[in-house]
Amino acid sequence: MYATTYHKPRTLAEAVALYESSDEPTYLSGGHTLIPTLKNRLAAPQHLIDLRAIPELSGIAVTSDTVVIGAATKHAAVAASKEVKAAIPALAGLAGSIGDVQVRHMGTIGGSTANNDPAADYPSAVLSLNAILHTDRREIPADEYFQGLYTTALEPGEILVRLEFRIPDIAGYAKFRNPASRYAMAAAFVSKHRDGHVRVAITGAGNEGVFRWTEAEERLTENLTAKALDGLAIDPSRMMGDMHAPADYRAHLVTVMARRAVQNLGGTHIV
Amino acid sequence: MTSSLKTAATEVIVHPLKLPGSPSAELSPEMKLVREALFKHVGKPIPRKEDGRLITGKGRFSDDFSLPGQTYAAIVRSPYPHARILGIDKTEALASPGVLLVLTGEDVLADGLADIPHNPVPSTNFDMKLRAKDGSKAFTGPHYLLPADKARHVGEAVAIVVAETAAEAADGAEKVFVDWRELPYVTDTAKAAEPGAPTIWDEVPDNVFIDTTFGDREGTDAAFAQADHVVKAEFHIHRVTAVTMEPRASLGHYDPETKRYTLYAGSGGAVRQKNELSKVLGIEPKDIRVLSFDVGGNFGARNRVYVEFGLVLWASRKLGRPVKYTATRSEAFLTDYQGRDLVTKVELALRKDGKFLAMRADNLSNVGGRAVSLSPLSKGSGLITGSYDIPYATLRARAVFSNTMCTQAYRSSGRPEVTYAIERMVELAADQLGFDKLELRRMNLIPPSAMPYTNAVGSVYDSGEYEKNMDRALEISEWASFDARKAEAAKRGKLLGRGFANYVESSIGTPKERAEIEIKDDGNIEVVIGTQPSGQGHETSFAQVVADMIQVPVEKVWIVLGDTDIVSVGGGSHSGRSMRHAGTVMAMASADLLGEGRKRAAELLGSAADQIDFEGGVFKLRNTNRTIDIFELGRRTRTTHGALRVVKDNEMHTPVYPNGAAVCEVEVDRDTGHVQIVRYATIDDVGRCINPLIVHGQTHGGIAQGVGQAMWELCAIDPTSGQPLSGSLMDYGMPRSDNMPSFKCEIAEVISPTNPLGIKAGGEGGTTPALATVVNAVVDALLEFGVKDIQMPVTPANVWRAMNNGRKVS
Ligand SMILES: Cc1cc2nc3c(=O)[nH]c(=O)nc-3n(C[C@H](O)[C@H](O)[C@H](O)COP(=O)(O)OP(=O)(O)OC[C@H]3O[C@@H](n4cnc5c(N)ncnc54)[C@H](O)[C@@H]3O)c2cc1C
């Protein structure tokens, strides 16, 4: 780790002002992506601006139509929330499947969504549930937010404040873990929205990060059964390949995970 | 079994068990007492004495030590698999804030430091004798603290930077500029031995520095010629690393007044570190003290000297201040000594009825950039025929350099590899020739009546009841009711498979051990011993042995280890040697201690020694009620006779052969290729079991380690760049509590005739058959896909690939 200066602002305005007036600043949330990066000397921010003391970033609020989660909310809090479990059980289940106990008690939904790791869990829920991302300056629809590996619509210094999820008719999440890292090697979040449309978001597999599998959406909107996906394949050239899973295997896993998500609507299937 | 010793070793040493009328040649007369001991504590599952200390944070691991004025070291490492060092510019690093010292390979040569005397070729009487192709002593590649010529693997240390803080040292290391010239590299085991491969050492242009053939070649050829069937296969038992919880660490201190060096560094044995480092530094062994207390995992990776240990000592002398180095997890993945990496080609000749007639093996061990240890190749060489009576065998054993980190003995060095080969071969033979897998094994197992049994490459198996192990393993694993479970799994869409493997392994190890036992005035007994635990519970099981011999409560016995100023001789802990060597020498020392006690008691009680009895820790004058307690005796005679204390040395060369059987059941997900182990059972003949609680713990850990290799672990290297791919736990898969089943383990105690306590070994038997057992089970599960073999690790991707390839074939 290189030397860096730690700040803990109490308001959004203070955080943004600090960011704008500093040389090489970075926001810090749960630190479970950022700190390991710093420890390996792969990043050298001069100022770390901790967002966790800003009130707007915390809390979970559930209405009849939406679940709104503050960006600094820990995975464990989402997993344990009775309201989230009742409104979108697949979302609570997803949160409870991230990493291990320590990670879930430090890592945050905002950090994960801002980071947009191609193997992270939350991006699939954000995209499938057609969430709205509230920042310190605007609202970004999920379809415009994810822009490729580790890339989002957030501008430098822009703070993700809250995530607003539409409560779907029903949703399911299926994940196949990487045998080493336990991150998703392929995972599918399938949700049937109240307007009848089905959205299928795939994480862990695509070579451009999380993506919507539109062919599957079309079939499932017509017929929300695993059988509807029979014969549907995904092009391996759209997949990542590495020592754990070559692209053709990942393409296969995507179809299996999509089917399992449909078979487990109202919950999760995690291996 | 009448087959004679067919080893190709030049000096043939007659095995003690084969000497006429000498069933236990190493049993000395004074040990009769030991033999007749009551075994009050031995054999009982006494909870570990060390656990309270360890779980309350009172462990003393290497990085826990700090000294006043201490500085910190960072290491500059090669980013290339193979590159010449044209020059190293230290200027900027030396100007970096806080940097005190920068040293390179040129400085090593200028200061006349010697290379680390690893002595990689195993040399006890019963080790297989490995040599160069022409029969000469092999060139093994000198290991200097820093190389001056070139780097031979990614991560090789090429400079050390010492600074006031760890961060400043790391900053400084980034400012050391090495002028590299990249060279062609080879990392793959088989390719490294192919003609035209890039040369790692000019002294060995073809990289193959060991090439020895063992066994009776003519006999083998003749048997093959007459065979009805020949089955062939090739396996790669891939490279893994130990991933110890505590990364390696060292703190070096040179005292200019006493001219003595002190090193705090956890290892597999401080005495070895002391002796070898003294040679590197060109000093007398007495001028260096090595301290190694609690060690957070070893598994072999810590047995040999690491360059950083020598570097901190040398840097401390140059600087006049203590120097500390603690590896990061990334450095541990790159540069901890690694394990396995054997390519083996095997052929098995069978008679029509299934009787094994002969075997050929061609084993190629990848030692990495230089040879640190040939134990894996050597250990495996003696056991290629496994638990089976195969009258003829020929083995070509080769070792090859490559541009990879060095390999070392890794839990059950060499034996899981050859067990894998023979146990996979048996399955392939059964499949190809239509035999029942278990019947084929039974028909060829070595019977107890053949013990001691000399195998076709000259190893003498001391004792064992192999078929009984097999029967019991099948029974506790409920082998017979497998079909019902398979049908049930099928209903859930899962493919159930079962795997079986027999094993026999050897435990040799450094032959010398010393024990010192002293009766302390405070009512405790102190035992000084030269083994080094890293979680095996020596403080408990060793205390049990001494408590039994001196007939005192086990709580009164304290084991002292890990400081070379106290522990002067000691072979360390490896090769399952500790209980056997330490147990024996402690028992012998106890016998001497009681002899001395009897003499002193006789004097005090005014009688002759042969009138003194000893029971329950008390000396008693026969036919009287005059007694004296051993601690009281120690106190009362201290001024006249000195401390009641003995020092005993012992040397044992004869190996023992732990053995057993393992059964594993796996469930494979046909959609994803995911493998879940659902059952695992073992029988392990460890000889006399001192503490079953500890032995079971060792078996459990051993199983996890073997299963880990079979299922997930792999030091992968990108063939297009020579770069390691699994440099962190993000990519290096490990066994965890949630992916292991509950184990069913039983201990079989067939007492070994080779040592007074009858001990074999219990630390490695869990690992030895695990690789074969898991893969046999996975192949069995994939039967319907036409899968005959699969490369480890059996990751979901590999299993899915095998299913698909099988589908295409069938
Ligand atoms: C061992 C381990 C296992 C893990 N396993 C999983 C897993 O299985 N699945 C999974 O999804 N994740 C996993 N993670 C990642 C974990 O969920 C991270 O915590 C998460 O991805 C990042 O969240 P964080 O709060 O820790 O963010 P930080 O590390 O603090 O920040 C991450 C990035 O986001 C930026 N950032 C943070 N908050 C905001 C904000 N509000 N606005 C704008 N930018 C912001 C930071 O500047 C930084 O660039 C694992 C992590 C570890 C260490």
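The values are calculated or read from the model by the stated rules, or taken from the named source; none is laboratory data. Bear in mind the structure is a predicted one, so any value in this text is a computation, not a measurement. Positions of Cβ are generated from backbone atoms using ideal geometry, with glycine treated the same way; all protein chains shown enter the neighbour counts. Surface areas here come from the heavy atoms of the whole protein model, side chains and all, with no ligands, DNA or RNA. Shrake-Rupley method; radii C 1.70, N 1.55, O 1.52, S 1.80 Å.
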List the extent of the Cα atoms of segment B:503-627 along each of their three principal axes, largest first, rounded to whole Å. 53, 33, 23
Can you pull the accessible area of B:Ser728 for me, 1.4 Å probe, Å² to the nearest 10? 40
If the only charges are +1 at each Lys and Arg Cβ and -1 at each Asp and Glu Cβ, what is the size of the charge dipole of chain B around the Cα centre, to the nearest 20 debye? 800
Rounding to the nearest 20 debye, state how big the charge dipole of segment A:5-50 is about its Cα centre with +1 on each Lys and Arg Cβ and -1 on each Asp and Glu Cβ. 240
Considering the Cα trace of segment B:670-810, what is its radius of gyration and what is Dmax, both in angstroms? 18.1, 58
How much accessible surface area, in Å² rounded to 10, belongs to the heavy atoms of B:Val271 with a 1.4 Å probe? 10
Mind checking segment A:124-179 for trypsin sites (Lys or Arg not before Pro) that DSSP puts in a loop (not H, G, I, E or B) and that have at most 16 other Cβ atoms within 10 Å? A:Arg137, A:Arg138
List the residues of segment A:223-247 whose accessible area drops by at least 10 Å² when all protein chains are present, compared with their chain alone, using a 1.4 Å probe and counting only protein heavy atoms. A:Met243, A:His244, A:Pro246
Would you calculate, for chain A, the mean residue ellipticity at 222 nm contributed by helices, counting each DSSP H stretch of 4 or more residues as -39,500 (n - 2.57) and dividing by all residues, to the nearest 500? -8000 deg cm²/dmol
Mean separation of Cα contacts under 8 Å (6+ apart) over length of segment A:5-50, as relative contact order %: 58
Radius, Kirkwood style, for the protein assembly as shown when every pair of distinct Cα atoms is counted (Å): 31.8
Would you work out the Kirkwood radius for segment A:56-166? I mean one over the mean of 1/r across all pairs of different Cα atoms, in Å. 13.6
Once Rh for chain A is found with the Kirkwood sum over Cα pairs, what is the Stokes-Einstein diffusion coefficient at 37 °C and 0.692 mPa s, in µm²/s? 176
Extreme residue, positive dipole direction of chain B, given options B:Ala173, B:Thr510, B:Tyr732 (C-beta unit charges): B:Thr510
Given the C-alpha centroids of segment B:275-311 and segment A:222-257, what is the distance between them in whole angstrom? 52
Reduction of at least 30 Å² in accessible surface, 1.4 Å probe, comparing all protein chains with the chain by itself, residues of segment A:248-269: A:Asp248, A:Tyr249, A:His252, A:Arg260
For a quick check: with amide H placed at 1.01 Å from N, whose amide H comes under 5 Å from B:Lys744's, ignoring anything fewer than 5 positions away on the same chain? B:Tyr680, B:Ala681, B:Thr682
What whole-number distance in Å separates the alpha-carbon centres of segment B:119-162 and segment B:610-687? 36
What's log10 of I(q)/I(0) for segment A:23-112 at q = 0.17 Å⁻¹, Debye sum over Cα points only, no solvent? -0.73
Over segment A:170-270, what number does the Rg to Rh ratio reach, with both radii from the alpha-carbon atoms and Rh per Kirkwood? 0.96
Within the accessible area of segment A:39-173 (1.4 Å probe), percent carbon and sulfur: 51
Find, among the trypsin sites (Lys or Arg not before Pro) in segment B:57-100, those assigned to loop by DSSP (not H, G, I, E, B) with at most 11 other beta-carbon atoms within 10 angstrom. B:Lys58
Chains B and A together, accessible area buried on both sides, 1.4 angstrom probe, square angstrom: 1900
Based only on the alpha carbon positions, what is the Kirkwood hydrodynamic radius of chain B, in angstrom? 27.8
Accessible surface, segment A:49-177, averaged per residue in Å² (probe 1.4 Å): 35
Diffusion constant of segment A:5-50 at 25 °C, which comes from Stokes-Einstein with the Kirkwood Cα-pair radius and 0.890 mPa s, µm²/s: 227
Dipole magnitude of segment B:101-152, debye to nearest 20 (Cβ charges: Lys/Arg +1, Asp/Glu -1, about Cα centre): 400
Expressed in nm², what is the orientationally averaged projection area of the convex hull enclosing the Cα positions of segment B:205-288? 11.5
Binning every alpha carbon pair distance of segment B:113-181 at 10 Å from zero, what are the percents per bin? 15, 32, 28, 14, 11, 0
Taking N as the number of residues in segment B:398-527, what value does Rg over Cα atoms divided by 2.2 N^0.38 Å take? 1.57
Quick tally, 1.4 Å probe accessible area for A:Thr33, B:Thr91, sorted with the most first, runs B:Thr91, A:Thr33
Note to self: with every protein chain in place and a 1.4 Å probe, chain B gives an accessible area per residue in Å² of 35
For a quick check of your reading of the filter: which trypsin sites (Lys or Arg not before Pro) in segment B:319-404 sit in a DSSP loop and have no more than 10 other Cβ atoms within 10 Å? B:Lys352
When the accessible area of chain B is split by element with a 1.4 Å probe, what percent falls to carbon and sulfur? 52
Once the whole set of protein chains is in place, how much accessible area is left on B:Phe743, using a 1.4 Å probe, in Å² to the nearest 10? 40
Probe radius 1.4 Å, ligands and nucleic acids left out: which of A:Ile49, A:Ile132 has the largest accessible area, and how do the rest follow? A:Ile132, A:Ile49
Which of A:Leu57, B:Phe614, B:Phe65, positive extreme of dipole for the protein assembly as shown (C-beta unit charges): B:Phe614
Ranking B:Asn366, B:Ala110, B:Gly722 by how far each Cα lies towards the positive end of the charge dipole of the protein assembly as shown (+1 on Lys and Arg Cβ, -1 on Asp and Glu Cβ), the top one is B:Asn366
Too-long pairs where the Cα-Cα distance tops 19 Å, listed order kept, from B:Lys274/B:Lys520; B:Lys18/B:Lys379; B:Lys379/B:Lys468; B:Lys274/B:Lys324; B:Lys520/B:Lys556: B:Lys274/B:Lys520; B:Lys18/B:Lys379; B:Lys379/B:Lys468
